[in-house]
Structure formats: structure tokens, C-alpha cells
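The values are calculated or read from the model by the stated rules, or taken from the named source; none is laboratory data. The structure presented is a predicted model; accordingly, all values stated were derived computationally and were not measured. Neighbour counts run over all protein chains shown; Cβ positions are idealised from the backbone, glycine included. Side chains are part of the model used for accessible areas, which takes the heavy atoms of the whole protein and leaves out ligands, DNA and RNA. Shrake-Rupley method; radii C 1.70, N 1.55, O 1.52, S 1.80 Å.
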Amino acid sequence: MKNIAVFASGRGTNFAAIVKAVKNGRIKANLSLLVCDNSKAGVLSKAKKAKIKIALVKNESMIIRYLKENKIDLIVLAGFMRLLSPGFVRRYYGRIINIHPSLLPSFKGAEGIKDAFSYGVKFTGVTVHFVDELMDHGPIILQQAIKIGEGQTIGSLEKKIHKVEHKLYPEAIRLFVEGRLKIAGRKVKIR
Ligand code: GAR
């Protein structure tokens, strides 16, 4: 079975959705490690509760040590608010995925939901993609659009987006684990 590491810095609702999908057998893999760079992050208590090993580290060479030690096959960025170095990304290219709360390549960055809402777009969404050296960038695996209706508030939009994230990310991870994703240049083919 493949070994997964989730990298997270915040609340960890995506982490929790992944834990659930592994527990109920939808994702057939081991969730072997949580890498967290923030000692105050809510995700830490979620990992403790789920009895998942935690690496509280910022330093990339330390992170690599943990990844090797735990024979990690897939790195899942779930609200990891730190740009990984080009060297790190090259080493693991094709084995790192990220989720972002907008329809990339629009509205990259830490405030994807707010930025799309303030811009006034009529559709936004969620993107899961392989990670390259740039921020919120790389071959797109799955994308789901969400309509921003009349009377939509930022709060209700956030809820809608998170709900979609919690379905889309486990689905993308399942495809990876089952060996169904192939990067062909800029595009990802799903078999
Ligand atoms: C998620 O909405 C994720 O898409 C976003 O951080 C949030 C983490 O929430 N990531 C980015 O904005 C990446 N640029 P969570 O800690 O509850 O999973």
C-alpha cells in the first residue's frame, strides 16, 4: 500500500476529510504522516485524535528525512501556507499535489475565495493540481466550478467551497493511489 503524507498549516478540515476517506476504505493507502509548520494549528489535535504521526517542522531537509523514514509515496498539501523550494519540488515532482479554493489559474494565493468574491466573478470553484515550482501552479487533476449567485455572501461561499473541497480532494487522492493519473506535458490524463 502507498504511504501518504499530508502537509498542513491551519484548521485541517481537508486533512479530516482525507482521514475519513482512508478510514472508510475509499482511499486504499496509509495516511502515515502529518507535516505541520505551525505549532498552533488546529490540524494538530485532529492528527492526535486520529493517531497519525506528526512532524512539527519547517526545515526542508528535516522534512525530507521524515518523508524518507516513512517511505512516503504521495505528498498532499492541504492548506500548507509555505512555498516549497524548487529543489524540493523537483525531487518529488509528480508526487506532490495541492488543493486551491478557486478555478486556477485565477486567484492564486492565500485568499483565493475572498479575491474571487471581491472581483465579482460569476463562477469560482476548487482545483486539485500537481505542484510545480510556482505558487498554486502545475498540471490540473480535477476542477469543480461553483456558481456565485445573487445574494451570495462570502460566508456562504466559503462553506460551499469547503464542502466541494472535502469531496474533490479525496477523489483526486484515490485516483493517484490507484495509479490512474498520468502527467502528459501540461495536462493530466485520467485513465
Ligand atoms: C483550503 O481551503 C485550501 O484550499 C486552502 O487552504 C484551506 C485550508 O483549509 N489552500 C490554499 O489557499 C492554497 N493556496 P483546511 O486547513 O481547513 O483544510
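For the reader, a short list of remarks on this structure follows.
- In degrees, nearest ten, helix 60-69 long axis to first principal axis of the chain (Cα): 60
- Summed over the residues of the chain and divided among them, the accessible surface reaches 52 Å² per residue at a probe radius of 1.4 Å.
- Percentage of interatomic Cα-Cα distances in region 103-142 larger than 12 Å: 56
- Averaging the Cα positions of each part gives two centres, and for region 66-89 and region 1-40 these lie 12 Å apart.
- For region 63-158, with +1 on Lys and Arg beta carbons and -1 on Asp and Glu, the positive-most of 124, 101, 76 along the dipole: 76
- Accessible surface of the chain, 1.4 Å probe, proportion on carbon and sulfur as whole %: 55
- Average 1/r across all pairs of distinct alpha carbons in region 61-165, invert it, and you get the Kirkwood radius: 14.7 Å.
- Selected from 28, 48, 20 as most flexible by GNM, with the chain as the system and alpha-carbon contacts under 10 Å: 48
- For the chain, a simple Cβ point-charge model (Lys and Arg +1, Asp and Glu -1, everything else neutral) yields a dipole of about 780 debye relative to the Cα centre.
- √(5λ) per eigenvalue of the Cα gyration tensor, region 39-81, largest first, Å: 18, 13, 11
- Whole-number D in µm² s⁻¹ for region 136-178, Kirkwood Cα-pair radius fed into Stokes-Einstein, 10 °C, 1.306 mPa s: 132
- Reference-scaled alpha-carbon Rg (2.2 N^0.38 Å with N residues) for region 72-127: 1.30
- Kirkwood hydrodynamic radius of region 118-191, from the reciprocal of the average inverse Cα-Cα distance over all distinct pairs: 13.7 Å.
- Pairs exceeding a 18 Å alpha-carbon distance, out of 28/71; 68/182; 2/53; 20/167; 28/167; 114/147: 68/182.
- In region 1-75, Rg over Rh equals 0.94, where Rg is the alpha-carbon radius of gyration and Rh the Kirkwood radius from pairwise Cα distances.
- Working value for region 1-134: equivalent-ellipsoid semi-axes of 25, 17, 15 Å, each the square root of 5 times a Cα gyration tensor eigenvalue, largest first.
- The angle between the Cα long axis of helix 154-177 and the main principal axis of the chain comes to about 40°, on a 0 to 90 degree scale.
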